[in-house]
Amino acid sequence: RGSSSRSEAKSGRTDLIFLIRFRHCCLLRNQRCVLAYLYDRLLRIRALRWEYGSVLPNTIQFHMSAEEVEWFNRYKKSLATYMRSVGGEEGLDLTQDIKPPKSLYIEVRCLRDYGEFEIDDGTTVLLKKNSQHFLPRWKCEQLIRQGVLEHILS
Amino acid sequence: QAWLNEKFAPELLESKPEIIECVVEQLDHMEANLKRAKRGDLKVSVHRMEIERIRYVLSSYLRCRLVKIEKFFPHVLEKEKSRAEGEPSILSPEEFAFAKEYMANTETYLKNVALKHMPPNLQKVSLLRSVPKPNLDSFVFLRVLERQENILVEPETDEQREYTIDLEEGSQHLIRYRTIAPLVASGAVQLI
């Protein structure tokens, strides 16, 4: 519709110029609103990668369009490539260490059954619901974010 | 220092690959040492804590940069493209690749979901104009490391006129980022 009104303008109907300008402004505003909405959704989806990890819970995926899922997959691949390129051989997982470390070991409670969990020195811990453990902080971070463990602050 | 500067600066600062490489090497070295150490040795705990702290600072620094790259992606890419030969880069090669992928990903998404369904003369959008630029006029706190003379300060109100100030070593100031941006790059001041 925009292009047809442009050709009308070219044919010399000067009284329509204002109407055309007005309609064009409306179209531009609508375009801005649509893009702002879509872009904001993308920003929230991006935040999900940093909060939940590479695999999104089904309830969230249900609310995403196919193109958004594709955007997410491409984003996490791009991020993974970047993280691998930094730091040493395996790369540096930037989604860890979000808060400055206060102590080496932390007290955690298990919120649901997880199974066996191996720590650095070779010992394994059985994570059953409601069991409490005193574990190295860096091993727990991922599980805390996934909701398997809960940090007990005494 | 690089970490603090990056944290408090409103725009993406120069990339510092040498520092990153150095820190990463240190971390690997320390990890290797720890693996060889005896269990139950007190030094192990202290070293491990040190490793955690260093890793946190490094992660925080790189995360801060990524956030800024994603937030200002068209401007960051434009700045890098129009960079002169001798000027230092603000993006590491890996960050540059990440930024390009992010831009392509977002552009493709917007095109496929919205733009291609719009009337023909509205199908292109300039991301450079739509995405907000970093606010270089935001105020920052700084500490002076090297004495500076005759820094030109822009007037705040119409009644004021521009004036010059001298920055004494060790003094602390609250000033617009734009005025002291080159001093951050040269290391003469430290953002706090």
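Laboratory data are not the source of any read-out in this text; all were calculated from the coordinates shown. Remember, predicted model here, so these are calculated numbers, not experimental data. All Cβ positions, glycine included, derive from the backbone under ideal geometry; neighbour counts span all protein chains shown.
Overall, the stretch B:1-115 carries a charge dipole of about 620 debye about its Cα centre when +1 sits on the Cβ of Lys and Arg and -1 on the Cβ of Asp and Glu, all other atoms neutral.
A Förster radius of 22 Å, combined with the Cβ-Cβ distance separating A:R44 from B:T108, puts the computed FRET efficiency at roughly 0.75.
Working note: Karplus 6.51/-1.76/1.60 with θ = phi - 60° gives the stretch A:63-69 the couplings 8, 9, 6, 4, 5, 5, 4 Hz, where Gly and Pro are set to x. For chain B, the dipole from Cβ point charges (+1 on Lys and Arg, -1 on Asp and Glu) about the Cα centre works out to 1140 debye, to the nearest 20.
Centroid-to-centroid, using Cα positions, the stretch A:67-87 and the stretch A:13-29 are 42 Å apart. Note on B:V46 and B:R63: the model spin-label points, each 7 Å out from Cα along the C-beta direction, lie 2.8 nm apart. Highest GNM mean-square fluctuation among B:V140, B:V76, B:V131, for chain B modelled with Cα contacts below 10 Å: B:V131. Of A:E118, B:E31, the sequence from fewest to most neighbouring Cβ atoms within 10 angstrom is A:E118, B:E31.
From its DSSP helices (H runs of at least four residues, each -39,500 (n - 2.57)), chain B gives a residue-normalised ellipticity at 222 nm of -17000 deg cm²/dmol. Where a ≥ b ≥ c are the square roots of the eigenvalues of the C-alpha gyration tensor, would you call the stretch B:1-154 rounded, which needs a/c under 1.5, or, failing that, prolate if a/b is larger than b/c, or oblate? Oblate. Between B:I165, B:V189, B:I151, whose Cα lies farthest towards the positive end of the dipole of the stretch B:135-191 when Lys and Arg beta carbons carry +1 and Asp and Glu beta carbons carry -1, centred on the Cα centre? My answer, from the dipole projection, is B:V189. Placing R0 at 22 angstrom, the Cβ-Cβ distance between B:K79 and B:K7 gives a FRET efficiency of 0.65 after rounding to 0.05.
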